[in-house]
Amino acid sequence: MIEMTLRQVADVVGVPAQPGWESVVVTSVEFDTRRVRPGALYVALRGERVDGHDLGDAAAAAGAVAVLGSGPVHRSDAAGMPVLDVSGLPAGEPDTGVHATAGDPAAVVATSGDATGDATEIGNTAVLHALARLARASVTTLVDRHGLQVIGVTGSSGKTSTKDLLAAVLRTTLQTQLPDGTDPEVAVVAPSGSFNNELGHPYTALRATADTRFLVLELSARGVGHIAALTAIAPPRIGVVLNVGSAHLGEFGSVDAIARAKGELVEALPAAAPGSTGPDAGGVAVLNVDDHRVAAMADRTRAEVVLVGTRPEAQVRAEQLRQDTTARSTFELITPEGSASVRLQLVGEHHVGNALAVAAVARALGMEVDAVAAALSQATPASRWRMEVTEVALPATGPAAVRGGTVTVVNDAYNANPHSMRAALRALATLGAGRRTWAVLGEMGELGDESVAAHDELGRQVVRLGIDRLLVVGDAPETRILGATSPVGPGAGHVRGRPSPTRALHLGAHLEGSWAGESALVPDVDAAVAILLEELEPGDVLLVKASRSVGLEQVALRVVDELSRGLSDASRTADGVRP
């Protein structure tokens with residue numbers, strides 16, 4: 001963030017600075033006391049297990065100079081520390097577009113879990129509003145005085161991978177341009193993982209400093225208006241919409257509503273500046289022409305529209321597309337200024353669309369096509385559990401069936417929706433050509449009334465792609481659906497008389513033709529791991545994928561760990577397996 005006095009911070013968030021502390025200089029913000037640095041404004045949030053207001057001593061010891069909170073902050077030092085208490089501010093004033101409300105699962109985030117109780121949510125919401133105001137003030141100053149470029153990325157799937165790829169490409173192409181000693185991580189700021197909500201978004205924006213050239217932001221939504229709110233915090237000049245799918249369908253109600261929400265990004269962009277090029281140009285909307293709902297967003301923006309994809313009308317497109325035996329893609333990157341060859345290090349053909357979007361952004365920032373292609377070809381995965389490939393060398397000792405050789409484990413368990421599931425399964429089919437393939441899948445959450453049908457279709461897709469073995473994890477009661485509404489609130493809802501999504505996935509595969517034991521429904525991670533350790537053979541390829549709440553990454557982590565340690569538990573057998 002830009003350096004500000006406490007008086008300036010107080011003026012921005014709308015509360016008075018405590019007398020005697022007005023000239024204190026704030027140089028950063030932090031909500032985790034373990035990451036507080038000298039000069040930080042500590043953001044106190046209330047969670048299920050920890051109340052940040054009780055951590056004043058830890059924050060002060062780490063160098064915090066003030067607190068942004070919604071109540072008194074505990075300090076053993078009687079002198080205390082200045083607190084900007086925003087609990088008395090009217091909600092939404094001044095309006096940043098952030099309207100976090102009780103019951104919105106993405107609205108309130110704290111250091112140790114979602115807030116509980118109306119008073120807690122109201123307090124956290126006030127703090128998040130204040131943080132949003134501070135982020136908006138800092139970003140506006142950095143754009144006006146230092147030429148900061150803000151890029152926003154959204155879509156139903158692929159946001160995090162595209163954000164990571166864009167940050168990597170920008171850092172690579174900037175290496176020869178940065179002053180000596182400048183950290184590329186400072187020159188290009190992007191959120192870690194999928195930290196893209198009402199806390200992560202302003203927090204990431206406030207990491208940008210006067211030395212930051214590019215701020216890359218990932219915009220997520222669970223309802224109409226959420227993306228518009230995030231764009232109000234850090235207004236982007238360039239916006240990327242990757243796709244519109246059925247992720248969070250339960251919250252939105254329809255795919256068309258999801259499209260309306262994703263399009264809020266391009267509506268927020270500034271008008272195009274005809275005749276201008278490079279970083280001084282006007283707004284640019286990068287749209288995937290291969291997705292008709294995304295392509296239609298061209299009518300919703302004043303910005304210059306750049307189409308990307310494989311269709312001939314795309315200004316930035318892929319030609320001569322092919323995949324090797326490792327499921328990595330090679331293609332010719334075509335732009336109006338020229339072409340260059342790209343060989344991605346990322347696994348899965350779905351990354352081609354992400355790479356084209358990145359190339360279009362880099363082009364809008366004035367970068368040469370050869371440099372962009374080279375940077376795309378160098379980039380490796382940055383966020384964990386997203387098509388994370390591990391080759392496990394099996395030990396020379398152990399059961400004869402698995403002695404020696406290697407097993408390939410693909411951990412894509414960070415999250416899942418129908419679009420990303422299909423992409424991952426296609427990658428598995430390519431990667432496992434000529435080898436035995438395993439898909440270990442769990443529930444895709446937040447699909448609402450479409451959940452059972454979507455899981456049934458997924459099971460059928462597994463069979464159509466020729467995947468050899470399917471393990472469906474989570475043999476829930478037949479009425480349980482993640483994200484459905486139950487008498488006790490959202491979460492594990494009940495729809496009587498319908499199969500659970502996991503059972504629907506298993507039955508879909510069975511009805512499509514997987515009736516000879518190729519598909520099994522198991523109750524939990526332990527059962528899945530036991531089967532894998534018993535039955536994996538040299539050369540096998542294993543994909544693990546489910547929604548984040550399922551925690552299926554543990555299957556991949558445990559299989560890799562136990563195989564690497566010599567199959568100490570390989571003799572275990574699975575209980576409760578039903579073919």
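The values are calculated or read from the model by the stated rules, or taken from the named source; none is laboratory data. Keep in mind the model is a prediction, meaning the values are calculated, not measured. With ideal geometry, Cβ positions are generated from the backbone for all residues, glycine too; neighbour counts draw on all protein chains shown. Only protein heavy atoms, including side chains, enter the accessible area calculation; ligands, DNA and RNA are left aside. Shrake-Rupley method; radii C 1.70, N 1.55, O 1.52, S 1.80 Å.
Just a few scattered comments:
- Condition check for residue 340: in contact (Cβ under 8 Å) with a residue 60 or more places away in the chain and among the aliphatic types (A, V, I, L, M): no
- Every pair of residues 6+ apart whose Cβ atoms lie under 6 Å, when the first sits in the stretch 374-385 and is touching a residue at least 60 places away in the same chain (Cβ under 8 Å) while the second is open to solvent by 50 Å² or more (accessible area, probe 1.4 Å) and in a loop (DSSP other than H, G, I, E, B): 385/414
- Candidates in the stretch 530-579 are the residues that are among the basic types (Lys, Arg) and modelled with pLDDT of 90 or more; of these, the one that is nearest to the chain's Cα centre (by Cα) is 545.
- Here is the figure for the stretch 345-372: residues that are open to solvent by less than 50 Å² (accessible area, probe 1.4 Å) and either part of a helix (DSSP H, G or I) or within 18 Å of residue 330 (Cβ to Cβ) (or both) total 19.
- Residue within the stretch 52-61 that is within 19 Å of residue 200 (Cα to Cα) and either modelled with pLDDT of 95 or more or within 26 Å of the chain's Cα centre (by Cα) (or both) present: yes
- Scan of the stretch 1-19 for residues that are in a loop (DSSP other than H, G, I, E, B) and either touching a Leu at 6+ places or on another chain (Cβ under 7 Å) or free of Cβ contacts under 8 Å to residues at least 24 places away in the same chain (or both), ordered by number: 1, 2, 14, 15, 16, 17, 19
- Pairs with Cβ under 8 Å, 6+ apart, first in the stretch 255-276 and touching a residue at least 24 places away in the same chain (Cβ under 8 Å) and more than 15 Å from residue 151 (Cα to Cα), second of a type in the set (Val, Ile, Thr) and in a helix (DSSP H, G or I): 259/294; 261/227
- Flag for residue 331 being under 25 Å from residue 371 (Cβ atoms) and either among the β-branched types (Val, Ile, Thr) or crowded, with 18+ Cβ neighbours inside 10 Å (or both): yes
- Matching residues in the stretch 457-469 - criterion: being in a helix (DSSP H, G or I) and open to solvent by 40 Å² or more (accessible area, probe 1.4 Å): 457, 460, 463, 464
- Applying the set (1) more than 15 Å from residue 234 (Cβ to Cβ); (2) in contact (Cβ under 8 Å) with a residue 24 or more places away in the chain; (3) in contact with a Ser or Thr (Cβ under 9 Å, 6 or more places away or on another chain) to residue 184 leaves exactly one unmet item: (2).
- Residues being open to solvent by 50 Å² or more (accessible area, probe 1.4 Å), aliphatic (A, V, I, L, M) and under 18 Å from residue 127 (Cα atoms) - total across the stretch 51-67: 1
- The single residue among 257, 232, 228, 298 that is in contact with a strand residue (DSSP E or B) (Cβ under 9 Å, 6 or more places away or on another chain) and either over 13 Å from residue 155 (Cα atoms) or surrounded by fewer than 24 Cβ atoms within 10 Å (Cβ to Cβ) (or both) turns out to be 298.
- The numbered conditions (1) open to solvent by less than 50 Å² (accessible area, probe 1.4 Å); (2) among the β-branched types (Val, Ile, Thr); (3) farther than 30 Å from residue 206 by Cα are all true for residue 310 except (1).
- Restricting attention to the stretch 12-30, the residues that are touching a helix residue (DSSP H, G or I) at 6+ places or on another chain (Cβ under 9 Å), modelled with pLDDT of 95 or more and not aliphatic (A, V, I, L, M) add up to 1.
- Flag if residue 183 is more than 18 Å from residue 134 (Cα to Cα) and surrounded by fewer than 24 Cβ atoms within 10 Å (Cβ to Cβ): yes
- Scan the stretch 439-456 for residues that are of a type in the set (A, V, I, L, M, F, W, C), open to solvent by less than 30 Å² (accessible area, probe 1.4 Å) and either farther than 18 Å from residue 523 by Cβ or in a helix (DSSP H, G or I) (or both) and the total you get is 4.
- Count of the stretch 70-90 residues which are modelled with pLDDT of 55 or more and more than 17 Å from residue 22 (Cα to Cα): 12
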